[in-house]
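The values are calculated or read from the model by the stated rules, or taken from the named source; none is laboratory data. For clarity, every value in this text was computed on a predicted model and none was experimentally measured. Please note: Cβ atoms are built from the backbone with ideal geometry, for glycine as well, and neighbour counts cover all protein chains shown.
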Protein chains: 2
Amino acid sequence: MSMPRLDGRVERGNRTRQLVLDRTVGIASVEGLEALSVGRLAMELGLSKSGVFALFGSKEELQLATVREAGRIFTERVVRPVMTHPAGVLRVWRLCEGWLEYSRGRVFPGGCFFYEVIAEFDARPGPVHDAVVRAQRDWSAYVERTVAEARAAGELHEDTDVPQLAFELIALMETANGVAVLHAEETAYRRARVGIAARLRAAAVDLVPVPQVP
Amino acid sequence: MSMPRLDGRVERGNRTRQLVLDRTVGIASVEGLEALSVGRLAMELGLSKSGVFALFGSKEELQLATVREAGRIFTERVVRPVMTHPAGVLRVWRLCEGWLEYSRGRVFPGGCFFYEVIAEFDARPGPVHDAVVRAQRDWSAYVERTVAEARAAGELHEDTDVPQLAFELIALMETANGVAVLHAEETAYRRARVGIAARLRAAAVDLVPVPQVP
């Protein structure tokens, strides 16, 4: 008859784990993953240090779990909403708009979580670096696939250089995030939208409408 | 007759200061400005902790001096080489090429110094944040001015949106740096050059040559 008690403990552990991760993604998006410490989290959340430690094992494990949690939130907010859209230019546009809204709306208080931690871990080897690289590659690949599908659907010129266009869209999005967070102003999001619309207009075949940026 | 000795001490102080800053810009470009500590620098450079402390006073002063030193190096490597070029599209192109070369050649071991520390300090208020914001604003303003001068010289269409074009050029450069440092590969630099050449070609009046990216 120990199962219910065990389940309760597992359930409680999962809730605490989620409580910790809700906090760590926020901290890391502002201060970076190095700012995460078991002691600080225990204090801020009113938990025991040993309890937090038991759930994550090490600072590195905590950092890796934080990267995974941020990836889950990112997928939920940016990728899932466009997954059911039919392939095409409008889907690329909505993906970019969704990303800019994710940054602008401060889903993470420091702006894009990955922008922050990529700069932090780009030149430091190790498992956290690898997890961050993987997340960035997955996102780039998703943007590329969305552009490739728009071309396959006949909405972009056949000679469209898909990785080049994806690179340029990502450049506009990420720089908008960086500038907007740094200067606490929003002009950069408009510039990104103007640039993205211009790139899509140049690549789209005639008759495929590209939204106007007001 | 104490002046020569005093001068000698000042001179020695300046040399030590430069020795410390040569090291801090490198560390900060890889690990961020928070990784700078008087103790670590003293140990790595074989200096006394009190000596380093006497030269900089505090960790914040050390961080600020490091931002200033990085700005000096950046100006020397990226801005000065194009200052004597006549205004025009080619000057914009050479400025962008110089920036990409500065990133690719790892003038700072972690890639662009400012890319690293902007992500670190974007959401943290204080004097270091302000210094980093100022450096980023100065650079943006310089790119904008170079584009505006090309338009004034009659080489860009009169209706060219200067801040928009400058934003797009900066986006391509910075993203190339971010991607290249993260994935340790150089395709991104080529993508940035292709994008920059396309932007300049679209904005340039007829007969103004824009370099081809091979």
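Restricting attention to the range A:144-162, the residues that are in contact with a helix residue (DSSP H, G or I) (Cβ under 9 Å, 6 or more places away or on another chain), more than 9 Å from chain B (Cβ to nearest Cβ) and more than 24 Å from A:GLU76 (Cα to Cα) total 8.
Might you check whether a residue that is crowded, with 22+ Cβ neighbours inside 10 Å, of a type outside the set (Lys, Arg), part of a helix (DSSP H, G or I) and out of contact with any strand residue (DSSP E or B) (no Cβ under 6 Å at 6 or more places or on another chain) occurs anywhere in the range B:149-164? No: zero hits. Is it true that B:GLY32 is within 14 Å of chain A (Cβ to nearest Cβ), crowded, with 20+ Cβ neighbours inside 10 Å and modelled with pLDDT under 95? Taking the combined requirement at face value, the residue satisfies it.
Within the range B:181-204, being crowded, with 23+ Cβ neighbours inside 10 Å, more than 9 Å from every other protein chain (Cβ to nearest Cβ) and closer than 24 Å to B:GLY110 by Cα holds for one residue alone: B:ILE196.
Of the residues making up the range B:96-121, those that are in contact (Cβ under 8 Å) with a residue 60 or more places away in the chain, among the charged types (D, E, K, R) and not in a helix (DSSP H, G or I) number 0. Listed by first and then second residue, the pairs with beta-carbon distance under 7 Å, at least 6 apart or on different chains, first residue in the range A:43-67 and more than 11 Å from A:THR24 (Cα to Cα), second outside any helix (DSSP H, G or I), are A:LYS59/A:LEU36; A:LYS59/A:SER37. When A:GLY39, A:GLY46, A:GLY32 are checked against the criterion of being of a type in the set (Gly, Ala, Ser) and under 25 Å from the mean Cα position of the chain (by Cα), A:GLY32 stands alone in meeting it. When the range A:179-194 is limited to residues that are in a helix (DSSP H, G or I) and without any contact (Cβ under 8 Å) to a residue 24 or more places away in the chain, the one that is nearest to B:ALA123 (Cα to Cα) turns out to be A:LEU182. Reported count of residues in the range A:93-120, each being in contact with an Asp or Glu (Cβ under 7 Å, 6 or more places away or on another chain) and away from chain B (no Cβ under 11 Å), is 1. Looking at the range A:1-95, the helices (runs of 4 or more DSSP H) lying wholly inside it that each contain 2 or more residues that are aliphatic (A, V, I, L, M) and more than 30 Å from A:LEU156 (Cα to Cα) sit at A:3-31, A:38-45, A:49-56, A:59-74.
Within the range B:152-166, the set of residues being of a type in the set (D, E, K, R) and without any contact (Cβ under 8 Å) to a residue 12 or more places away in the chain comprises B:GLU158, B:ASP159, B:ASP161. One residue alone among B:ALA131, B:ALA70, B:ALA141, B:ALA123 is touching a Lys or Arg at 6+ places or on another chain (Cβ under 8 Å) and either closer than 27 Å to B:GLY39 by Cβ or within 13 Å of chain A (Cβ to nearest Cβ) (or both), and that residue is B:ALA131. Within the range A:65-79, the set of residues being over 16 Å from A:TRP99 (Cβ atoms) and of a type in the set (A, V, I, L, M, F, W, C) comprises A:ALA65, A:VAL67. For the range B:35-61, filtering for residues that are modelled with pLDDT under 90, surrounded by 18 or more Cβ atoms within 10 Å (Cβ to Cβ) and under 21 Å from A:GLU34 (Cα atoms) leaves 1. Screening the range A:163-174 for residues that are under 14 Å from the mean Cα position of the chain (by Cα) and facing chain B (nearest Cβ under 7 Å) and picking the one that is nearest to A:ALA204 (Cα to Cα) gives A:ILE170.
Please work out if A:LEU207 is out of contact with any Gly (no Cβ under 6 Å at 6 or more places or on another chain), aliphatic (A, V, I, L, M) and either in contact (Cβ under 8 Å) with a residue 60 or more places away in the chain or under 30 Å from B:ASP130 (Cα atoms) (or both). Criteria not met by A:LEU207. For the range A:124-162, a residue qualifies if it is under 17 Å from the mean Cα position of the chain (by Cα) and either on the phi > 0 side of the Ramachandran plot or of a type outside the set (A, V, I, L, M) (or both), and the qualifying residues are A:HIS129, A:ASP130, A:ARG134, A:GLN136, A:ARG137, A:ASP138, A:TRP139, A:SER140, A:TYR142, A:GLU144, A:ARG145, A:THR146.
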